[in-house]
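Contents: one structure, followed by commentary.
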């Protein structure tokens, strides 16, 4: 393999290494995993909040049911005093009648409040169940993704080692001065060696003189593009 073919292969391995290393960095940073972890955190907070609200509503319901029983007891007592005929005082009867109406109104209001709280409790429970299902699904996705990510990272590291070894084999066959020039161009231009396509430098798209193309066709030498300075490669 001549020096240009070696340089061409070297650049392919460099490009592969660059791509693999970018993928590795992205996986190790784990942006998608972080996103799911954040969603899990927010979902867990919502579950905690809903649980607290359900507990508070349960306490309010219990307290209102106790109050309703007390109001029912007072109403029964008032109606008993009112209708048993033991009281003949008109003023007292009028007071008891007003007390009865007031208690009925309080009972109606309390029953409406309890119904509203029961409806709220049902809605909270329904929302809690739905979010809990979402949370469990997120946990499964998070665990699966972490496992897959770990496997991908291991595979990428193996590929990087493989590419690095292949690159080292090629570098060992290239003259030190040529290798230095290649690295210098790669640092400045991105691609150090570019293919000639339709008699043009694919690095800068400049039409090349026929004499340059002939030199590459028939001679094993390094030729640089007079416009962009990259090493020219002719696919024989």
Item to complete: Check the stretch 41-49 and report whether any residue there is over 22 Å from the mean Cα position of the chain (by Cα), more than 30 Å from residue 176 (Cβ to Cβ) and assigned to a helix (DSSP H, G or I).
Response: yes
Fill in: Residue count, the stretch 187-209 (criterion: out of contact with any strand residue (DSSP E or B) (no Cβ under 8 Å at 6 or more places or on another chain), more than 14 Å from residue 9 (Cβ to Cβ) and surrounded by 15 or more Cβ atoms within 10 Å (Cβ to Cβ))
1
Discussion item. Checking residue 113 against (1) loosely packed, with under 13 Cβ neighbours inside 10 Å; (2) under 30 Å from residue 65 (Cβ atoms), only one condition comes out false. Which one?
Written reply: (1)
Fill in: Residue list for the stretch 173-186, filter: within 13 Å of residue 2 (Cα to Cα) and either touching a helix residue (DSSP H, G or I) at 6+ places or on another chain (Cβ under 6 Å) or free of Cβ contacts under 8 Å to residues at least 60 places away in the same chain (or both)
173, 174
Worksheet item: If you check every pair at least six apart or on different chains, which have Cβ atoms under 6 Å apart with a residue in the stretch 11-22 that is closer than 14 Å to residue 183 by Cα first and a residue that is buried (at least 16 other Cβ atoms within 10 Å of the Cβ) second?
Response: 11/193; 13/163; 13/166; 13/167
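Since every read-out is calculated from the coordinates, none of them should be taken as a lab result. This structure is a prediction, so every number in the text was calculated from the model and none was measured. Reconstructed Cβ throughout: ideal geometry from the backbone, glycine too, with neighbour counts over all protein chains shown.
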